[in-house]
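The values are calculated or read from the model by the stated rules, or taken from the named source; none is laboratory data. Only a predicted model underlies this, so the values are computations on that prediction, with no experimental measurement involved. Positions of Cβ are generated from backbone atoms using ideal geometry, with glycine treated the same way; all protein chains shown enter the neighbour counts. The accessibility values were calculated without ligands, DNA or RNA, using every heavy atom of the protein model including side chains. Shrake-Rupley method; radii C 1.70, N 1.55, O 1.52, S 1.80 Å.
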Amino acid sequence: FLPLETPGRVVYAALDDLVFWSNGLEKGLIQHGEPVAWGGKIWPVASEADRFVSPPAGTVLGAHAGRIWIGDGCMLCFTEGAGGFHFWQMATGYFEMPGEITMIRGADDGLYVGTTAGVYVLAGMDPGQMQPRRLSIDAAIPGSDISVRADDWGRFDPQNAALWTSSRGVCLGLQQGILVQLTKNRVAFDAPASMVAAIALPRRYVAILHP
């Protein structure tokens, strides 16, 4: 049960044994099965405390490299690492993407970010060294992304990968920013979908598309 005061689609991201959630206006986390506050803490080094605030709410969440990543419009924000998920540096802790963010999904060596301007990869683990690189002009449909093992989906090296649906079909994001269109020339949509509910089953990807 989540103590929501405002309506809105709730998104989730898991980091270790914590589950973070937001509906774009409210946010929180689930710890040991109980909802608790996300943010509202004071940075432990007093001389640096004015640099850190609570993370913003967002409409898309993801986890990568020990941080929670938050999509709010075109802003891709990231929390502090090493357990600092209650803190965000408002002045520097973000990337401005060229379109509204629709997906945030980590792979072993980078982060896949879907926007209305296409899908980007940010290679690496340190946000200070990461830069967005566009892989596709086809946007990821919101709600379609899941985390998978790549070797369950073809003759790929064992690795954590991102799977999502675009207007052209199902895509797989591998290490080193390699994008594979799994259904190329085999799937066509009569009309674009605005939202997807997706789940991974053993060697199956089930997606329910909403117009």
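In this structure, Ile146 qualifies as under 21 Å from Ala207 (Cβ atoms), under 12 Å from the mean Cα position of the chain (by Cα) and surrounded by fewer than 22 Cβ atoms within 10 Å (Cβ to Cβ).
Considering the range 7-62, the residues that are over 23 Å from Ile101 (Cβ atoms) and among the hydrophobic types (A, V, I, L, M, F, W, C) include one that is surrounded by the most Cβ atoms within 10 Å (Cβ to Cβ), namely Trp43. Each residue in the range 189-208 was checked for being modelled with pLDDT under 75 and within 12 Å of Ser166 (Cβ to Cβ), and 2 of them qualify. If only residues of the range 189-201 that are in contact (Cβ under 8 Å) with a residue 12 or more places away in the chain and out of contact with any Gly (no Cβ under 7 Å at 6 or more places or on another chain) are counted, the one that is surrounded by the most Cβ atoms within 10 Å (Cβ to Cβ) is Ala193.
For the range 63-89, a residue qualifies if it is open to solvent by less than 30 Å² (accessible area, probe 1.4 Å), of a type in the set (Phe, Trp, Tyr) and not in a strand (DSSP E or B), and exactly one does: Phe87. Can you pull out the residues in the range 90-110 that are part of a loop (DSSP other than H, G, I, E, B), open to solvent by 90 Å² or more (accessible area, probe 1.4 Å) and among the acidic types (Asp, Glu)? Within the range 90-110, just Glu100 meets the criteria. Here the condition is being touching a residue at least 24 places away in the same chain (Cβ under 8 Å) and open to solvent by less than 20 Å² (accessible area, probe 1.4 Å); of Val113, Val170, Val180, it holds for Val113 alone. Strands (runs of 3 or more DSSP E) fully within the range 118-210 that include at least 2 residues being under 29 Å from Ala82 (Cα atoms): 118-123, 132-136, 146-149, 160-166, 169-173. Selection of the range 9-34 for residues being small (Gly, Ala, Ser) and either more than 15 Å from Gly73 (Cα to Cα) or without any contact (Cβ under 8 Å) to a residue 24 or more places away in the chain (or both) yields Ala13, Ala14, Gly28, Gly33.
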